[in-house]
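Structure first, commentary second.
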There are 2 protein chains.
Amino acid sequence: MYGLTGKMIAQPGKRDELISYLLEGTDSMTDLEGCYLYVVATDPADPNGIWVTEVWRSQDDHQASLSLASTQALIAKARPIIVGFGERIENTPIGGKGIPKDATS
Amino acid sequence: MYGLTGKMIAQPGKRDELISYLLEGTDSMTDLEGCYLYVVATDPADPNGIWVTEVWRSQDDHQASLSLASTQALIAKARPIIVGFGERIENTPIGGKGIPKDATS
């Protein structure tokens with residue numbers, strides 16, 4: 001499995017709008033069997049900060065999702081209101097609650 | 001909802017053992033209705049690094065889990081092989097795939 005937690009910084013006043021685009025995106029993610037988890041959260045310490053936490057079957061599955069027409073459309077809508085990105089944490093999920101068991105990480 | 005992503009650093013050579021304790025812990029987490037997600041992952045850039053990603057119904061639910069006898073027993077087993085902790089990211093999940101919809105974040 002492939003896990004990714006990253007921070008996105010919205011233009012001031014645009015965080016709710018950016019979150020709405022990301023949540024729209026999760027509708028198409030829901031049909032992707034390689035997408036196990038996609039959580040959109042606000043940063044309580046940063047009024048412009050958004051954290052996205054993802055778990056994918058593989059890094060290839062994650063990469064493939066970026067090429068979907070729906071994802072490209074979303075990126076086009078979201079890009080103008082993204083100031084930048086913060087931390088980016090990659091990890092290799094082993095197990096736990098809320099994701100499938102994976103013996104081949 | 002309450003989200004937490006944190007890094008734990010295992011003693012050299014003890015990461016697999018520490019992960020096994022954390023995964024044991026997720027068995028008792030599974031019965032907790034306030035625990036939505038608990039993912040244990042390795043850090044591909046740090047051979048001693050473990051990332052734990054959690055989503056709880058509330059911060060109180062998270063806090064309460066730390067008082068459980070099973071959690072206390074786990075902490076006692078794990079503490080000797082934990083060198084320290086790294087980043088600690090708190091966030092407020094709004095929605096996405098893999099967690100319940102929450103209109104009251």
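The values are calculated or read from the model by the stated rules, or taken from the named source; none is laboratory data. Source: prediction; values computed, not measured. All Cβ positions, glycine included, derive from the backbone under ideal geometry; neighbour counts span all protein chains shown. Ligands, DNA and RNA are stripped out before the accessible areas are found, and what is left, the full protein with its side chains, is counted by its heavy atoms. Shrake-Rupley method; radii C 1.70, N 1.55, O 1.52, S 1.80 Å.
Details
- Nm distances between copies for A:Glu24, ranked from closest, using label points 7 Å along Cα→Cβ: 4.8
- Once the Cβ-Cβ distance of B:Asp61 and A:Ser67 is raised to the sixth power relative to R0 = 41 Å, the FRET efficiency obtained is 0.60.
- Taking Cα atoms only, the orientation of helix B:69-78 departs from the longest principal axis of chain B by about 30 degrees.
- Residue order by solvent-accessible surface for B:Lys97, A:Lys101 is A:Lys101, B:Lys97, largest first, with ligands and nucleic acids left out and a 1.4 Å probe.
- Taking 28 Å as the limit for the C-alpha separation, the pairs B:Lys14/B:Lys97; A:Lys77/A:Lys101; B:Lys7/B:Lys77; B:Lys77/B:Lys101 exceed it in the case of B:Lys14/B:Lys97; A:Lys77/A:Lys101; B:Lys77/B:Lys101.
- Helix A:15-30 vs. chain A, principal-axis angle (Cα, 0 to 90°, nearest 10): 30 degrees
- For A:Glu87, inter-copy label distances in nm, listed shortest first [label point 7 Å out on the Cα-Cβ vector]: 0.4
- Separation in nanometres of the label points that stand 7 Å from Cα toward Cβ, at B:Ala45 and A:Ile75: 2.1 nm
- Heavy atoms of A:Met8 accessible to a 1.4 Å probe, total area in Å² rounded to 10: 30 Å²
- When only Cα pairs below 8 angstrom with a gap of at least 6 residues are kept, chain A shows a relative contact order of 44 percent.
- Counting all C-alpha pairs of the protein assembly as shown, share separated by more than 23 Å (%): 44 percent
- Gaussian network model of chain B, springs between alpha carbon atoms under 10 Å - residue of B:Val55, B:Val40, B:Val83 with greatest fluctuation: B:Val83
- Residue-span extension gain [B:Glu33 to B:Phe85] - 0.36 nm each, minus C-alpha spacing: 16.0 nm
- Other copies of B:Ala64: label-to-label distances in nm, shortest first, labels 7 Å along the beta-carbon direction: 4.1
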